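I have placed the structure first, in the form of structure tokens, so that the comments after it can refer back to it.
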Amino acid sequence: MTPPAAGVAPVEYAVAVDRYLAEADLRPESRRVYRISLAGWAWPLVGKLPPTGRGRRQASPPIVPLAILDRAGTELLLADAVTYRMRHAEARTVNRELSSLRSAVSWWLRHQWITADPTVKLRQLAIERARVAPLTQAQRAALFGLPTGLREQAFWHLLADGGIAAEAALALDADAIDAEHRRVRPRAAHGVIAVSAETGELLSWLLAGRRHGPLFLTDRRAPAGARRDDVCPLTGRGRMSYRRAAEIFTEHTRPLDPAGRGWTLHQLRRPGPGGQIPEPAAISNAV
């Protein structure tokens, strides 16, 4: 079978990433996630450790020849990178990043830009389904005492006393909040959720007169092509994604966790029957 035309094979990995994303059938937000994930693999491809936390998004990746993917031993570099990444991210995040790389490698193989698949021996990581303990009162007090922004504190308080999943909270719009009467009406719920006076006050400050658009906004303007429902009509900023919210939470709570890994958002939810915290739902286009 003749591969689809995609022009002459690029020399650099970053250019190959650009060409792949330009042709991929992805939403703008998903394309941005793929770009971040694929850029993150550049460091291990040349035997370097990638930056972690917020610095990973802001750092400039090294220049990597695309031909490195055909070099013997590259699969070992990637396997070591997965092990290292697991120390700084949840299995779900690492699996998403692996899927991004596999998709790009498959596309490059079809266009005969490379001849080997260095990801072939990499396996999706098993996701631990064991019971996860909710945060204790002392842990919550330490969390709410962190010097974080208004958005984070409002979001965390809402999860802690509203019994609402992080995904559902991030899907809320400004018109779902009745801060005066301390009530929240999620999209898919029948009835309302009551919140504490402190949470109601935080939500009121967060809204600051806004009546439309997403409740929890990103720090920057939404990318071109974002869904209208996911953009604030006043500021042009986009809806906060689950992925970014989870990263922020883990980053801020890592110093509070004796294990040094940080906590997960669903540990803030009220325990279900038997004291178990429900597992979060999978998010296909989380950013």
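Give the residue, chosen from PRO50, PRO44, that is in a loop (DSSP other than H, G, I, E, B), surrounded by 14 or more Cβ atoms within 10 Å (Cβ to Cβ) and not hydroxyl-bearing (Ser, Thr, Tyr).
Only one candidate passes the filter, namely PRO50.
Taking the condition closer than 30 Å to ASP80 by Cα, modelled with pLDDT of 90 or more and assigned to a loop (DSSP other than H, G, I, E, B), does PRO147 pass?
In short, no.
Which of the numbered conditions does SER204 fail, given that it passes all the others? Conditions: (1) polar (S, T, N, Q); (2) surrounded by fewer than 17 Cβ atoms within 10 Å (Cβ to Cβ); (3) closer than 30 Å to PRO258 by Cβ.
(3)
Under the condition of being buried (at least 19 other Cβ atoms within 10 Å of the Cβ) and in a loop (DSSP other than H, G, I, E, B), which residue from the range 207-218 is nearest to the chain's Cα centre (by Cα)?
Only one residue tops the list, namely PHE216.
Name the residue that is surrounded by the fewest Cβ atoms within 10 Å (Cβ to Cβ), counting only residues in the range 11-21 that are not charged (D, E, K, R) and not in a loop (DSSP other than H, G, I, E, B).
Within the range 11-21, the match that is surrounded by the fewest Cβ atoms within 10 Å (Cβ to Cβ) is VAL15.
Any idea which of ALA188, ALA246 is modelled with pLDDT under 90 and closer than 28 Å to THR52 by Cα?
ALA246
Kindly indicate which of ALA169, ALA197 is touching a residue at least 24 places away in the same chain (Cβ under 8 Å), of a type outside the set (D, E, K, R) and assigned by TED's automatic domain parsing to the domain that holds PRO258.
ALA169
Against the definition (among the hydrophobic types (A, V, I, L, M, F, W, C), surrounded by fewer than 20 Cβ atoms within 10 Å (Cβ to Cβ) and under 19 Å from the mean Cα position of the chain (by Cα)), how does ALA226 come out, yes or no?
Yes.
Restricting to the range 1-33, name every residue that is touching a helix residue (DSSP H, G or I) at 6+ places or on another chain (Cβ under 6 Å) and modelled with pLDDT under 90.
Within the range 1-33, PRO3, ARG31 qualify.
Can you pull out every residue in the range 22-34 that is in a helix (DSSP H, G or I) and within 14 Å of SER106 (Cβ to Cβ)?
GLU23, TYR34
Yes or no, residue by residue, for (1) part of a loop (DSSP other than H, G, I, E, B); (2) in contact (Cβ under 8 Å) with a residue 24 or more places away in the chain; (3) under 16 Å from SER30 (Cβ atoms):
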site	(1), (2), (3)
ARG220	no, no, no
ALA226	yes, yes, yes
PRO233	yes, no, no
ALA246	no, yes, no
GLU251	no, yes, no
PRO255	no, no, no
GLY262	yes, no, no
GLN267	no, yes, no
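The values are calculated or read from the model by the stated rules, or taken from the named source; none is laboratory data. This one's a predicted model, so the numbers in the text were calculated from it and none came from an experiment. Positions of Cβ are backbone-derived with ideal geometry, glycine not excepted, and every protein chain shown enters the neighbour counts.
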